[in-house]
Amino acid sequence: MTECRGISVFGGVAIGKIKVLIKCEQQVKRIRVKDSSLEIERYQGAKKVAIGQLEMLHAKALREVGESGAAIFEVHQMMLEDDDFNEAVENIILSQNVNAEYAVAGAGDNFANIFSAMDDEYMQGRATDVKDISERVISILLGRSDNSDIANEPVIIVAKDLTPSETVQLDKEKVLAFVTEGGSVNSHTAILARTMGIPALVSTDIRIDESLNGKTAVVDGGNGVFYVEPDENIVARMKKKQEENNRKKELLQELKGKETITRSGRKIKLYANIGNIKDLALVMQNDAEGIGLFRSEFIYLERDSFPTEEEQFAIYKTVAETMAGKEIIIRTLDIGADKQCEYFGISPEENPAMGYRAIRICLDRPDIFKVQLRALHRAAAYGNVAVMFPMIISLEEVLAIKKVVKEVREELENEKIPYANPQIGLMIETPAAVAVSKILAKEVDFFSIGTNDLTQYTLAIDRQNSVIDKYYDAHHPAILAMIDFVVKNAHKEGIWVGICGELGADTELTETFVAMGIDELSVSPGQVLAVRNKIRNIS
């Protein structure tokens with residue numbers, strides 16, 4: 001038995017088989033071969049496997065996100081079957097007597113460069129598609145597994161770390177727990193675990209290699225321990241603990257359908273944070289009263305090209321219709337920092353958390369911003385949709401946003417496209433926004449305090465840096481004073497204020513937030529009932 005220690009980001013116990021996710025570094029060597037025809041056969045075989053994978057992905061996407069979201073896999077399949085691409089690969093193999101992997105990489109780079117050099121934006125987007133299909137075929141030729149298909153049964157995911165774009169591609173129904181060697185308590189892997197309500201450890205002292213695959217393991221999320229091939233005593237003790245946790249969950253289930261109200265009669269709106277349509281099931285399952293944060297950037301992270309207005313509209317409309325009149329607050333695109341999309345073409349930055357991200361990109365690139373705003377306004381006609389804007393630091397930004405919103409509404413009106421005017425809100429997550437919150441409150445309908453970034457910027461601590469996790473104090477008096485200051489300024493101007501950061505689920509502070517006058521808390525779906533229980537016991 002091996003016992004490893006990590007930092008707990010969500011409690012509970014998971015028992016199951018390990019699945020190691022190792023990020024592939026697609027470094028392809030140029031190897032001279034004697035039999036070129038054999039390499040062509042290898043390429044044809046790999047291509048056939050890749051087409052099979054794409055067909056399966058297309059079918060899965062159709063079920064989960066609809067026809068518009070699944071179309072990309074059809075495009076990739078067509079590109080793999082394109083005569084020009086196939087002839088280019090085979091020509092490199094034959095003329096240079098090289099291995100199939102090198103030929104695919106070379107042809108992929110050549111075609112990607114051709115597409116990138118074109119003036120047409122759509123054709124430029126195909127460069128990313130070529131790279132994607134090339135990487136897929138190379139992985140097959142090198143015998144590397146496709147991580148998007150985790151396993152045939154639920155497993156414990158073990159990885160160095162997971163980026164946001166990697167986590168969105170996992171089949172969440174097959175994940176029992178997360179264990180990562182790197183990462184911090186505020187990483188997106190941690191946020192995903194809390195959203196799903198599953199045990200998770202980060203910064204774990206484990207040596208990761210593929211020999212762990214298939215081994216039985218236990219994750220003790222409450223105590224931050226990971227057991228590999230545990231003995232019978234450990235398994236028995238953890239099963240008992242698991243049963244106790246399940247009983248507590250059953251008791252919380254009794255709170256379904258009950259109001260989130262204090263003993264003195266104060267009503268608090270209790271919403272859920274989600275990242276995509278698939279999370280709606282968790283919202284319903286945990287009886288959230290609405291959605292306080294829909295992270296729309298994950299629509300972009302799940303793709304390798306810009307989502308169209310129609311594709312976004314279909315997603316937002318589905319959420320609005322599914323929630324049946326309950327409030328849905330959708331955050332506009334928050335790309336940048338640790339959430340990077342290659343097709344945005346953003347240059348690397350030394351300090352991306354304080355760089356070109358979120359509303360700065362949107363105001364700088366109105367072509368992208370307007371597409372999303374049009375889709376949001378159209379979806380608002382089908383439900384109770386509100387829109388909020390991240391990373392605000394000034395009144396000038398808010399006025400610029402309102403100008404673009406006005407233009408979008410006029411365009412939709414002139415085009416006679418049905419739409420509604422959603423409530424407009426701001427995320428308060430920078431000290432600057434806190435300082436000018438009284439001025440900002442005059443311009444919008446609500447505030448939502450993003451405590452993750454607010455803590456990061458106030459304490460000058462990178463929340464992705466596990467080395468300084470010990471200095472990250474979400475309960476710091478400065479943070480609580482800022483929240484109190486924002487609530488007072490919001491209420492003076494007659495607008496409501498909520499918290500959508502991870503601190504909203506911290507039941508040690510729930511009573512403090514209620515005393516401050518917070519109107520809404522938005523938490524991971526799995527934490528809704530625990531927070532409701534806490535609020536109902538406040539007198």
(message) What number results when the radius of gyration of the chain, computed over Cα atoms, is divided by 2.2 N^0.38 Å?
(response) 1.03
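Kindly identify the range 435-539 as rounded, prolate or oblate by the Cα gyration tensor criterion: order the square roots of the eigenvalues as a ≥ b ≥ c, call it rounded if a/c is under 1.5, otherwise compare a/b with b/c, prolate if a/b is larger, else oblate.
Numbers: a/c = 1.89, a/b = 1.11, b/c = 1.70.
Oblate, because a/c is 1.5 or more while a/b does not exceed b/c.
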(request) Give me the accessible area of residue 480, 1.4 Å probe, in Å² rounded to the nearest 10. (result) 40 Å²
(message) Output wanted: per-residue J couplings in Hz (rounded whole) for the range 231-248, from phi through Karplus 6.51 cos²θ - 1.76 cosθ + 1.60, θ = phi - 60°, x for Gly and Pro.
(response) 7, 4, 5, 4, 4, 4, 5, 5, 5, 5, 5, 4, 5, 5, 4, 5, 5, 5
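Suppose only helical runs count, i.e. DSSP H with n ≥ 4. What mean residue ellipticity at 222 nm does that imply for the chain under -39500 (n - 2.57) per run, divided by all residues and rounded to the nearest 500 deg cm²/dmol? Before the final figure, lay out each step's value.
On the way: 19 runs with 248 residues, N = 539.
Helix contribution divided over all residues of the chain: -14500 deg cm²/dmol.
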(request) Name the residue farthest towards the positive end of the dipole of the chain from the options 283, 51, 104, assuming +1 on Cβ of Lys and Arg, -1 on Cβ of Asp and Glu, about the Cα centre. (result) 283
(request) State the Cα centre-to-centre distance between the range 496-519 and the range 383-452 in whole Å. (result) 22 Å
(message) At 1.4 Å probe size, put 210, 502 in order of accessible surface, largest to smallest.
(response) 210, 502
(message) Along each principal axis of its Cα atoms, how long is the range 150-297 end to end? Whole angstroms, biggest number first, please.
(response) 54, 39, 28
(request) Rank-order 80-86, 7-13 by packing density, defined as the average count of other C-beta atoms within 10 Å over each peptide's residues, highest first. (result) 7-13, 80-86
(request) Write down Rg/Rh for the range 361-451, rounded to two decimals, with Rg from the C-alpha atoms and Rh from the Kirkwood relation over Cα pairs. (result) 0.98
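The values are calculated or read from the model by the stated rules, or taken from the named source; none is laboratory data. All of these numbers come straight from a predicted model, not from anything done at the bench. Because the Cβ atoms are built from the backbone with ideal geometry, glycine has one as well, and the counts that use them run over all protein chains shown. Heads up: the accessible areas ignore ligands, DNA and RNA and are worked out on the full protein's heavy atoms, side chains in. Shrake-Rupley method; radii C 1.70, N 1.55, O 1.52, S 1.80 Å.
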